[in-house]
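Enquirer: One structure, as structure tokens, below. Some questions next.
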Number of protein chains: 2
Amino acid sequence: MSVESVLIPFKNQQHNHESCIKSALADAEAACSKAGMRLTKIRRQVFELVWSSHAPVKAYDILAQLHQENPRAAPPTVYRALDFLLSVGLVHRIESLNAYIGCGDPSQPHIGQFLICEACGAVAEMNAQKITRLLRKQAEQLGFKTVNQLVEIRGLCPQCT
Amino acid sequence: MSVESVLIPFKNQQHNHESCIKSALADAEAACSKAGMRLTKIRRQVFELVWSSHAPVKAYDILAQLHQENPRAAPPTVYRALDFLLSVGLVHRIESLNAYIGCGDPSQPHIGQFLICEACGAVAEMNAQKITRLLRKQAEQLGFKTVNQLVEIRGLCPQCT
DNA sequence: GAACAATATGTTATAACATAACGTTTTTTG
DNA sequence: CAAAAAACGTTATGTTATAACATATTGTTC
């Protein structure tokens, strides 16, 4: 058995994060233009702040950062941008943390499964069809029609083990 | 394949909920006395309010109800009771709803998987080892050591389909 | 059962997370 | 360009949760 799809693996500490951001931005531009959506200045700024690390980022932390460049930013500024990014599939929300993280593969909408390191805060994203299918199947056994799935696994990442 | 363990199934609308509550209370008494913990008056009241339906209940709704019997109740009153009930395993928190629901089997701590009906709000609890094991295994493939799992499936329950 | 320790609750204030409502600006489209 | 649509600004407030410290209750030891 193998993990079919790892969208964002755990990175070592020396990885070049600038290139992560750059690549994510390119993907975002592509996804938006394909969908006919506008990646405005604010949305891009919020997107870059979400991507500032591989750990989830909180809305009010984004706001504080954003404030440096845009003194008029207020909570709705950030939440609107996040809602947009979520709707296009460029970021995910980690429910158990009230925080947001960049999506590893915005090229197509998907259900992500998240691995959250309780030591360093890093998050990896899987997209294992095996899990998706099993959950759907087990739910079906109870007569339940699945629309959406939320999987967040907490533990220790390879570096912190 | 079958669902190995359904802790709380979806109930029909005519089911006798009084008996659900009664049975849950008996379980709670047993679990507390076994663990050497005290199910105080406030904790019992909060527990009963959580069990007032098979849909998740919000902390401030509990507070409003509690207030009728106990005018001095404040947010910490409720959150402390909920924290206690969570720690003993008598209730679960539904992360995607910021809400709380009675546990279907407090006799032993467990990881629950929740089915949330988007139409009627009802929640069923599964405890499928197959899911737990698969998630652990897939995480392990990435060098991740699982401590805890969160699974919340959204969709339509049998009655609402 | 008095003294002490531990646990539980009361109380006030505030932190943290999120949205409603309405006005203004910018962009797109015919 | 004018009208419509989309994005953003602004103010206020709703919702969820905890910090910090005081008081009360319960359990334990002698």
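Enquirer: Over chain A, consider all pairs of different Cα atoms and compute the Kirkwood hydrodynamic radius from their mean reciprocal separation; express it in Å, one decimal.
Expert: Evaluated on chain A, it is 16.7 Å.
Enquirer: While we're looking at this one, here's another question. Taking N as the number of residues in the protein assembly as shown, what is its alpha-carbon radius of gyration divided by 2.2 N^0.38 Å?
Expert: Rg over 2.2 N^0.38 Å, computed on Cα atoms: 1.08.
Enquirer: At a probe of 1.4 Å, how much accessible area disappears from chains B and A on forming the pair, both sides counted, to the nearest 100 Å²?
Expert: Rounded to the nearest hundred, the buried surface is 3400 Å².
Enquirer: For the stretch A:1-138, with every protein chain kept in place, what is the accessible area per residue (1.4 Å probe, Å²)?
Expert: 51 Å²
Enquirer: Tell me, what % of the accessible area of the stretch A:82-161 is carbon and sulfur with a 1.4 angstrom probe?
Expert: Looking at the stretch A:82-161 in its full context, I get 47 percent from C and S.
Enquirer: Could you tell me which of rounded, prolate or oblate describes the stretch B:75-135, using a ≥ b ≥ c as the square roots of the eigenvalues of the alpha-carbon gyration tensor, with rounded for a/c under 1.5 and, failing that, prolate when a/b is larger than b/c and oblate otherwise?
Expert: Verdict is oblate for the stretch B:75-135.
Enquirer: Ordered by residue, what ³J(HN,Hα) values in Hz, to whole numbers, does the stretch A:90-103 give under the Karplus form 6.51 cos²θ - 1.76 cosθ + 1.60, where θ = phi - 60° and Gly and Pro are x?
Expert: Per-residue couplings from phi come out as 8, 9, 10, 9, 8, 5, 6, 10, 6, 8, 10, 9, x, 7 Hz.
Enquirer: A follow-up question, please. Per residue of B:126-138, what is the mean number of Cβ atoms on other protein chains within 10 angstrom of that residue's Cβ?
Expert: The mean count of partner-chain Cβ atoms within 10 Å per residue comes to 4.
Enquirer: Could the peptides A:118-130, B:75-87 be put in order, highest first, of the mean number of other beta-carbon atoms found within 10 Å of their residues?
Expert: With the highest mean Cβ count within 10 Å placed first, the list reads A:118-130, B:75-87.
Enquirer: Do you know the relative contact order of the stretch A:1-77, to the nearest whole percent, from alpha carbon pairs under 8 angstrom that are 6+ apart?
Expert: 21 percent
The values are calculated or read from the model by the stated rules, or taken from the named source; none is laboratory data. Note that this is a predicted model, so its numbers are computed, not measured. Every residue, glycine among them, receives a Cβ derived from its backbone with ideal geometry; neighbour counts consider all protein chains shown. Just so you know, the surface numbers come from the protein's heavy atoms only, side chains and all, with ligands and any DNA or RNA stripped out. Shrake-Rupley method; radii C 1.70, N 1.55, O 1.52, S 1.80 Å.
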